1. Determine the calculated [θ] at 222 nm for the chain from helices alone, applying -39500 (n - 2.57) to every DSSP H run no shorter than 4 residues and normalising by the residue count; nearest 500 deg cm²/dmol.
2. Taking the Kirkwood radius as the inverse of the mean 1/r across Cα pairs, report the Rg/Rh of the chain.
3. Could you give the angle, 0 to 90 degrees to the nearest 10, between helix 33-46's Cα long axis and the longest principal axis of the Cα atoms of the chain?
4. Can you flag which of LYS61/LYS104; LYS25/LYS61; LYS61/LYS97 are past 23 Å Cα-Cα?
5. Go ahead and set up a Gaussian network model of the chain, Cα springs under 10 Å, then flag whichever of ALA26, ALA79, ALA37 fluctuates most.
6. With Cβ to Cβ distances under 12 Å as the rule, what net charge do the other residues near CYS50 carry (K, R +1; D, E -1)?
7. At a temperature of 25 °C and a viscosity of 0.890 mPa s, determine how fast region 54-110 diffuses translationally according to Stokes-Einstein, using the Kirkwood radius over alpha-carbon pairs as Rh; express D in µm²/s, rounded to the nearest whole number.
8. Assigning unit charges at the beta carbon (Lys, Arg +1; Asp, Glu -1) and nothing else, what dipole magnitude in debye, to the nearest 20, does region 66-110 show about its Cα centre?
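Taken together, the values in this text are just the output of simple stated rules run on the coordinates, not laboratory data. Quick caveat: nothing in here was measured; it's all calculated off a predicted structure. Methodologically, a virtual Cβ is constructed for each residue, glycine included, from the backbone with ideal geometry; neighbour enumeration extends over all protein chains shown.
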Amino acid sequence: MGKLRTISTTLRTIDTRTVVPESKKADAFYLSPEWRALMAMIIKERGRICEDPHCDGRTHKPGMRVFGDHVVELKDGGAPLDPRNVMLRCGASHTRKTAAARAKRLAERF
């Protein structure tokens, strides 16, 4: 009985996606020296803690990354460099609040 030979495939996979998402980039405002100085001042005054009253704190660790989140978002007319309009949030709280604000703006359009 003879040996069976396998035929190597010459087919290549093809990317069938029609839309390739862009890599996420920070808005230029959040890279500005003014914003960075404000964030440094706020963190120095308030500490590196999540100020969201709805946060359960399960993901908090010493020295964790905090995000300066505008209470009234810039797209909704909030003051960009007013410390009273900035709340420190952990990543989970920041994502939750931002998603809710986007959903609210989207619902108002329809």
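1. For the chain, the value works out to -10000 deg cm²/dmol.
2. Checking Rg against Rh, the ratio lands at 1.31.
3. 70
4. LYS61/LYS104; LYS25/LYS61
5. ALA26
6. +4
7. Working: Rh = 12.5 Å.
In µm²/s, the coefficient is 197.
8. 180
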